[in-house]
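Peer 1: To start, I am sharing the structure in question, which I have written as structure tokens.
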Amino acid sequence: ASYAPISTAPDTEKDEYETALACVLSRRQSGDIVIVCADTNASIGRGCLGGQNANYGAVGPHGIDFLNDSGRRLRSFMELHDLAALSSFFKKPFYGTWLHPCSKLQKQLDHIMISRCDLKRFTDAGACCGQLIDSDHSAVFCKLRFTVRLRRKLEPRAQLARLDTAPLLNQDQAVQFATDVVASLGTSDASAVSYSTLAKAVEKTAAETLPKRERPAPLWFAAKEGVLRACIANRNATFNAHQRQPTADTAARYREARSRVQLEIRRAKSDWILGKCTAINDGICGATGSAAAW
């Protein structure tokens, strides 16, 4: 959201506003959907200037047909940054968001600006009818359509495959696991228990008692695991200390610890790659033979 200087503000103030907004827009990354809701204090008119196609450019064919100097400046800014005034591309019975106190005419000063390439993602936009809050401006709205890829819920057997069964190699823990299964069944009479009931009891007990299997660490991480875990623990400790009581000293310690982790990661990767290259080179040169190299 942004609030632009009024139309009678000095140009320096308008320059500062546009510079700050451009700085924010420069941080967008590929795939981001930019939505800027702004009280622009500018009337941008409708349609493209210069007789071009009304559906091409920063402003669409709909809206209040009134353009002032601030509106021309805003249109130039939107064209420069490939933005579009969203509500101007949807036909509505009214577009006014502010009532001029003297002329009593509706003005369209509040706009939703989006990336021009994302226009097809929006299904509706415009000014809200009535006042939602104590303000002399009407609210603006938009409807965005996008797709979310929902993660499928794993089947019970697939969930069991993610559990670490190593603790069951211990005799005492295996006996305790069996005791928990029997307690879940509610009976110790094997003849009275069906296979499906027993399977559900085992699945339930495993989900409650067995830990999740840890993801295997990369080989370069395993080779320097002691050093890397110590650096990561130190980084986490300095981060927590800075969160509890932020000061310049705690911030410096956190930055130093984070840089240390990044440095050790680069060293671990380099050492692992050099070690593999050395083994290959030794095999090629015949020092240890090709079998040891490959």
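The values are calculated or read from the model by the stated rules, or taken from the named source; none is laboratory data. Computed from a predicted model, the values in this text were never measured in an experiment. Here Cβ is always computed from backbone atoms with ideal geometry, including for glycine, and neighbour counts include all displayed protein chains. Heads up: the accessible areas ignore ligands, DNA and RNA and are worked out on the full protein's heavy atoms, side chains in. Shrake-Rupley method; radii C 1.70, N 1.55, O 1.52, S 1.80 Å.
Peer 1: What are the lysines whose alpha-carbon lies under 24 Å from the alpha-carbon of K224, with same-chain residues fewer than 8 places away excluded?
Peer 2: Within the straight-line limit of under 24 Å, K224 reaches these lysines: K212, K269, K276.
Peer 1: A206: net charge of surrounding residues, Cβ under 13 Å, Lys/Arg +1, Asp/Glu -1, itself excluded?
Peer 2: Values: positive: R157, R162, K200, K204, K212, R213; negative: D164, D180, E203, E208.
After counting each charged neighbour, the total is +2.
Peer 1: Can you compute the helix-only [θ] at 222 nm over the chain? Use -39500 (n - 2.57) per DSSP H run of at least 4 residues, normalise by all residues, nearest 500 deg cm²/dmol. Provide the component values of the computation, followed by the final result.
Peer 2: On the way: 9 runs with 130 residues, N = 294.
Result for the chain: -14500 deg cm²/dmol, rounded to the nearest 500.
Peer 1: For region 36-126, what relative contact order do you get, as a whole percent, if you take Cα pairs closer than 8 Å and at least 6 residues apart? Before the final figure, lay out the partial values.
Peer 2: Values: 176 pairs, mean separation 30.3, N = 91.
Contact order relative to length: 33 percent.
Peer 1: For Kirkwood radius over Cα pairs in Å, the choices are [x] 21.7; [y] 26.7; [z] 21.0; which was calculated from the structure?
Peer 2: [y]
Peer 1: What net charge do the residues around R162 carry, taking every other residue with its C-beta under 15 Å from that of R162, with Lys and Arg at +1 and Asp and Glu at -1? Display every interim value, and only then the final one.
Peer 2: Working: positive: R151, R152, K153, R157, K212, R213, R215; negative: E155, D164, E203, E208, E214.
The answer is +2.
Peer 1: Then there's this: Name the residues of region 189-225 whose amide N is less than 15 Å from a point 7 angstrom out from the Cα of A174 along the C-beta direction?
Peer 2: none
Peer 1: For the chain, which whole-number percentage of the solvent-accessible area (1.4 Å probe, protein heavy atoms only) is attributable to carbon and sulfur atoms?
Peer 2: Numbers: 10940 of 19990 Å².
Roughly 55 percent, rounded to a whole number.
Peer 1: Net charge near Y95, counting Lys/Arg +1 and Asp/Glu -1 over other residues with Cβ under 13 Å of its Cβ? Each step should come with its number before you reach the end.
Peer 2: On the way: positive: R46, K91, K92, K107; negative: D65, D110.
For residues surrounding Y95, the net value is +2.
Peer 1: Ignoring ligands, DNA and RNA, what accessible area per residue does the chain give at 1.4 Å, in Å²?
Peer 2: Details: 19990 Å² over 294 residues.
So the chain comes to 68 Å² accessible per residue, rounded to a whole number.
Peer 1: Same structure again: Say the cut-off is 27 Å between C-alpha atoms; which of K104/K143; K14/K143; K14/K107 go over it?
Peer 2: Checking Cα-Cα distances, K104/K143; K14/K143 exceed 27 Å.
Peer 1: Between the DSSP loop rule and a limit of at most 16 other Cβ atoms within 10 Å, which chymotrypsin sites (Phe, Trp or Tyr not before Pro) in region 105-176 are left? Don't skip to the end; give the middle numbers.
Peer 2: Values: sites: F122, F141, F146; in loops: F146.
Here the chymotrypsin sites (Phe, Trp or Tyr not before Pro) that fit, given the DSSP loop and packing criteria, are F146.
Peer 1: So for the chain, averaging the separation of alpha carbon pairs under 8 Å that are six or more residues apart and normalising by length, what relative contact order in percent results? Please report the intermediate quantities before stating the final value.
Peer 2: Details: 364 pairs, mean separation 30.0, N = 294.
It comes to 10 percent, rounded to a whole number.
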